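See below for the structure under consideration.
The values are calculated or read from the model by the stated rules, or taken from the named source; none is laboratory data. All values reported here derive from a predicted model rather than from experimental measurement. Neighbour counts are summed over all protein chains in view; Cβ atoms, including those assigned to glycine, are modelled from backbone coordinates with ideal geometry. What goes into the accessible areas is simple: the full protein's heavy atoms, side chains included, and nothing from ligands, DNA or RNA. Shrake-Rupley method; radii C 1.70, N 1.55, O 1.52, S 1.80 Å.
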Amino acid sequence: MFLEFLFISSAVLTVSCALGVLVVKNIMHSCVFLLGSLMGVAGLYATLGADFVAVTQIMVYVGGVVILMLFAVMLTGGTDFISRAQNLLGLAPSMGNKWTYGMGLFVGVVFLLTNIKLLMGLTQTLPTKTINNEFPSTVTEIGHLLVKDHVLAFEISSVLLLGALVGAAIIARPRKQN
Amino acid sequence: MNQTVVSYLSKYEFYDYLLALFGNNQGVLAFTIYFLLALIIIGMCATIGGLGTYAERKISADLQARLGPNRVGPYGLLQMLADGVKMMTKEDIMPFTADKALFYLAPLLCLVGVFATLAVLPFAGGFIMADLNVGIFYLVAISSFVGLGVFLGGYASNSKWSMLGGMRGASQIISYEIPVTISILAIVLLAGGMGFGTIVGQQGGLPHQWFLFHNPFAFIAFFVYGVGALAETNRAPFDLPEAESELVSGYHTEYTGMRFGFFALAEYIEVFVVCGVAASLFLGGYNVPGITIDILPVQAAQFVIFMTKTLILYYVVIWIRWTLPRLRVDQLMSVCWKYLTPIAIFNLIGCAIWMVVFNGKSIAELVLGSH
């Protein structure tokens with residue numbers, strides 16, 4: 001009963017807030033709706049029993065990404081944006097030209113096909129998950145998987161993050177006057 | 001599995017009686033227990049927050065050779081109630097140009113973020129509302145709502161003081177989250193788990209069994225955590241978001257009445273929470289020396305021990321506020337990024353090496369050769 005309640009409330013929160021992001025005119029309000037949507041996704045993870053992933057979702061998105069987005073919006077003064085649209089492609093002029101729209105369409109088609117492929121599987125019954133009693137908690141299990149089976153992906157992603165850090169430091173560094 | 005207060009109570013006989021009373025409906029009974037306990041804990045912590053304002057004024061008066069509040073009730077103890085009544089009866093002013101929805105939302109985000117952390121705070125053995133496997137991680141994650149509330153409060157007021165305070169608050173909170181989290185991670189390494197039950201259970205009641213004295217790196221980590229926690233709760237010497245000498249009152253300049261009260265209450269309860277976390281991570285938590293049985297008198301003693309440690313730390317936080325001058329913004333950032341973060345990373349690596357080299361033994365175990 002509790003899991004159903006958690007699932008339904010998280011799902012409603014996710015979808016309604018995602019719609020709010022699209023509908024609301026004020027970009028700050030969109031950011032706050034995005035926060036609600038991401039919280040809903042965390043609730044969905046919690047429904048699935050993935051407590052570590054749920055908390056990581058809150059940690060990364062609420063604590064980091066949404067605050068950074070709010071900062072970016074506020075520092076660039078994006079709230080008084082006036083659309084000077086004339087035609088369909090110019091509806092949102094800051095969003096690009098026909099090439100970017102073409103790329104967007106292509107990505108959309110690929111995404112749709114992937115989703116259809118995934119949803120086809122829903123009609124079949126899924127194999128029941130074997131519960132692994134070897135580990136006392138999901139945290140331990142994730143830890144073991146990260147440094148044993150998936151150690152290469154783990155290391156590569158840490159190199160990627162290091163690259164991002166160094167890049168940010170280089171961009172933000174004051175340049176020499178010459 | 002995650003332990004909760006319900007799964008703890010279900011070991012006892014009276015749980016079956018209660019279950020029969022609720023028509024064998026497990027969900028409703030669990031909900032009722034959580035609801036009642038949440039009411040008790042939130043009521044208790046709100047009182048502690050209120051008494052915090054009293055303690056703040058009384059201790060500051062002590063440090064400055066003044067009297068402090070002394071008119072309402074014995075020793076001015078009822079000052080808190082008078083303040084509460086005053087705040088609730090004040091006019092709720094909404095600035096004309098404010099962003100209404102966010103202006104209403106911001107104090108609530110602060111308060112929700114702080115109250116949500118109380119769910120995992122270990123008051124006594126068995127009486128943790130939810131002893132999650134990811135307990136400390138959950139606490140760090142959910143308390144980032146406070147930073148969001150501070151930031152949105154500053155933005156929504158549409159005033160320059162609030163804006164500057166809010167931006168300082170958000171940048172300060174997300175910067176200091178890094179050394180704090182890395183220091184906590186060092187303790188997670190020592191305990192071998194992120195749940196509060198595990199972390200407290202790995203320590204003992206006597207000082208040589210605490211993680212504070214486990215190894216030199218953990219000892220340094222305690223102070224890194226302390227400084228970072230002061231900054232995360234916007235306490236002096238890091239109270240730049242509400243620096244009254246330059247920003248009027250910072251992010252809550254435009255807030256009046258109970259909405260301001262929510263911000264103030266959230267701050268005082270958050271100080272209590274970070275002190276409680278410090279007490280349970282480094283100072284042995286609720287452990288009673290020598291006794292590990294879970295019976296009611298022992299649990300009462302555990303509760304008293306936990307509260308004593310936490311409130312002593314609370315006193316130190318107030319003491320620091322009235323002793324040290326405020327930092328500048330650039331000093332604040334250089335303290336975080338140039339000193340605390342490298343020290344915290346050094347501690348983490350040091351703890352990891354210690355665990356490997358000495359096979360997880362603490363200094364006391366190495367010296368005394370026993371537990």
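Could you check how many residues of segment A:14-67 are within 8 Å of chain B (Cβ to nearest Cβ) and either over 30 Å from A:Leu145 (Cβ atoms) or not polar (S, T, N, Q) (or both)? Explain how you work it out, then say what you get.
Kept after step one, since they are within 8 Å of chain B (Cβ to nearest Cβ), are these residues of segment A:14-67: A:26, A:28-29, A:32, A:35, A:51-52, A:55-56, A:58-59, A:62-64, A:66-67.
Filter once more, keeping what is either over 30 Å from A:Leu145 (Cβ atoms) or not polar (S, T, N, Q) (or both): A:26, A:28-29, A:32, A:35, A:51-52, A:55, A:58-59, A:62-64, A:66-67.
Count: 15.
Evaluate the following for B:Pro74: is it free of Cβ contacts under 8 Å to residues at least 12 places away in the same chain and out of contact with any Cys (no Cβ under 9 Å at 6 or more places or on another chain)?
Yes, satisfied.
Hey, any hits in segment B:164-178 for a residue that's away from chain A (no Cβ under 12 Å), open to solvent by less than 10 Å² (accessible area, probe 1.4 Å) and in contact with a strand residue (DSSP E or B) (Cβ under 9 Å, 6 or more places away or on another chain)?
No, because not a single residue in segment B:164-178 is away from chain A (no Cβ under 12 Å), open to solvent by less than 10 Å² (accessible area, probe 1.4 Å) and in contact with a strand residue (DSSP E or B) (Cβ under 9 Å, 6 or more places away or on another chain).
How many residues does segment B:64-77 hold that are open to solvent by 80 Å² or more (accessible area, probe 1.4 Å) and either in a loop (DSSP other than H, G, I, E, B) or not aromatic (Phe, Trp, Tyr) (or both)? Walk me through it before giving the result.
Step one: list which residues in segment B:64-77 are open to solvent by 80 Å² or more (accessible area, probe 1.4 Å), which gives B:64-67, B:71, B:74-75.
With the extra rule that they be either in a loop (DSSP other than H, G, I, E, B) or not aromatic (Phe, Trp, Tyr) (or both), the set shrinks to B:64-67, B:71, B:74.
Residues meeting the conditions: 6.
Scan A:Leu152, A:Leu122, A:Leu161, A:Leu113 and give me the residue that is open to solvent by 70 Å² or more (accessible area, probe 1.4 Å) and modelled with pLDDT under 85. Reasoning before the result, please.
On the way: A:Leu152 fails: modelled with pLDDT under 85; A:Leu161 fails: modelled with pLDDT under 85; A:Leu113 fails: modelled with pLDDT under 85.
None of the others qualify; the one that does is A:Leu122.
Inside segment A:53-81, can you point out the residues that are among the small types (Gly, Ala, Ser) and either more than 13 Å from A:Ser30 (Cα to Cα) or modelled with pLDDT of 80 or more (or both)? Outline the logic, then answer.
Kept after step one, since they are among the small types (Gly, Ala, Ser), are these residues of segment A:53-81: A:54, A:63-64, A:72, A:77-78.
Correct list: A:Ala54, A:Gly63, A:Gly64, A:Ala72, A:Gly77.
Being surrounded by 18 or more Cβ atoms within 10 Å (Cβ to Cβ) and under 17 Å from the mean Cα position of the chain (by Cα) is the filter here, so list the residues in segment B:296-310 that pass it.
Correct list: B:Ile305, B:Phe306, B:Met307, B:Lys309, B:Thr310.
Can B:Ile220 be described as more than 14 Å from chain A (Cβ to nearest Cβ), open to solvent by 50 Å² or more (accessible area, probe 1.4 Å) and either touching a Pro at 6+ places or on another chain (Cβ under 8 Å) or within 16 Å of B:Leu283 (Cα to Cα) (or both)? Before the answer, list the steps.
Values: more than 14 Å from chain A (Cβ to nearest Cβ): yes; open to solvent by 50 Å² or more (accessible area, probe 1.4 Å): yes; either touching a Pro at 6+ places or on another chain (Cβ under 8 Å) or within 16 Å of B:Leu283 (Cα to Cα) (or both): yes.
It is true that B:Ile220 is more than 14 Å from chain A (Cβ to nearest Cβ), open to solvent by 50 Å² or more (accessible area, probe 1.4 Å) and either touching a Pro at 6+ places or on another chain (Cβ under 8 Å) or within 16 Å of B:Leu283 (Cα to Cα) (or both).
Against the conditions (1) modelled with pLDDT of 85 or more; (2) away from chain A (no Cβ under 11 Å), where does B:Gln79 fall short? Just the number, please.
The number of the failed condition is (1).
Can you pull out the residues in segment B:1-58 that are of a type in the set (Ser, Thr, Tyr) and open to solvent by 70 Å² or more (accessible area, probe 1.4 Å)? Break it down into steps so the answer makes sense when it comes.
So the first thing to find is which residues in segment B:1-58 are of a type in the set (Ser, Thr, Tyr), and the list is B:4, B:7-8, B:10, B:12, B:15, B:17, B:32, B:34, B:47, B:53-54.
Across segment B:1-58, the qualifying residues are B:Tyr12, B:Tyr17, B:Tyr34.
Answer yes or no as to whether B:Ile293 is out of contact with any Pro (no Cβ under 7 Å at 6 or more places or on another chain) and either buried (at least 16 other Cβ atoms within 10 Å of the Cβ) or outside any helix (DSSP H, G or I) (or both). Step through it out loud before you land on a result.
Values: out of contact with any Pro (no Cβ under 7 Å at 6 or more places or on another chain): yes; either buried (at least 16 other Cβ atoms within 10 Å of the Cβ) or outside any helix (DSSP H, G or I) (or both): yes.
Criteria met by B:Ile293.
Restricting attention to segment B:193-213, does a residue exist that is touching a helix residue (DSSP H, G or I) at 6+ places or on another chain (Cβ under 7 Å), of a type in the set (Gly, Ala, Ser) and either buried (at least 24 other Cβ atoms within 10 Å of the Cβ) or away from chain A (no Cβ under 12 Å) (or both)?
Yes; the residues of segment B:193-213 include at least one that is touching a helix residue (DSSP H, G or I) at 6+ places or on another chain (Cβ under 7 Å), of a type in the set (Gly, Ala, Ser) and either buried (at least 24 other Cβ atoms within 10 Å of the Cβ) or away from chain A (no Cβ under 12 Å) (or both).
Would segment B:138-160 turn up any residue that is over 22 Å from B:Ile269 (Cβ atoms), away from chain A (no Cβ under 12 Å), at pLDDT below 85 and outside any loop (DSSP other than H, G, I, E, B)?
yes
Based on what the data block shows, is B:Ala266 free of Cβ contacts under 8 Å to residues at least 60 places away in the same chain, in contact with a Gly (Cβ under 8 Å, 6 or more places away or on another chain) and of a type outside the set (Val, Ile, Thr)?
Values: free of Cβ contacts under 8 Å to residues at least 60 places away in the same chain: no; in contact with a Gly (Cβ under 8 Å, 6 or more places away or on another chain): yes; of a type outside the set (Val, Ile, Thr): yes.
It is false that B:Ala266 is free of Cβ contacts under 8 Å to residues at least 60 places away in the same chain, in contact with a Gly (Cβ under 8 Å, 6 or more places away or on another chain) and of a type outside the set (Val, Ile, Thr).
Counting just the residues of segment B:107-137 that are within 12 Å of chain A (Cβ to nearest Cβ) and assigned to a loop (DSSP other than H, G, I, E, B), which one comes out surrounded by the fewest Cβ atoms within 10 Å (Cβ to Cβ)?
By that ranking, first place goes to B:Asn133.
As an exercise: evaluate B:Ala61 against (1) under 25 Å from the mean Cα position of the chain (by Cα); (2) open to solvent by less than 60 Å² (accessible area, probe 1.4 Å); (3) at pLDDT below 85; (4) of a type outside the set (Phe, Trp, Tyr) and give the number of the one condition it does not meet.
(3) is the only condition that B:Ala61 fails.
Report whether or not B:Glu254 is outside any helix (DSSP H, G or I), of a type in the set (Asp, Glu), surrounded by 21 or more Cβ atoms within 10 Å (Cβ to Cβ) and modelled with pLDDT under 85. So that I can check it myself, show each step before the final result.
On the way: outside any helix (DSSP H, G or I): yes; of a type in the set (Asp, Glu): yes; surrounded by 21 or more Cβ atoms within 10 Å (Cβ to Cβ): yes; modelled with pLDDT under 85: yes.
So B:Glu254 fits the description; yes.
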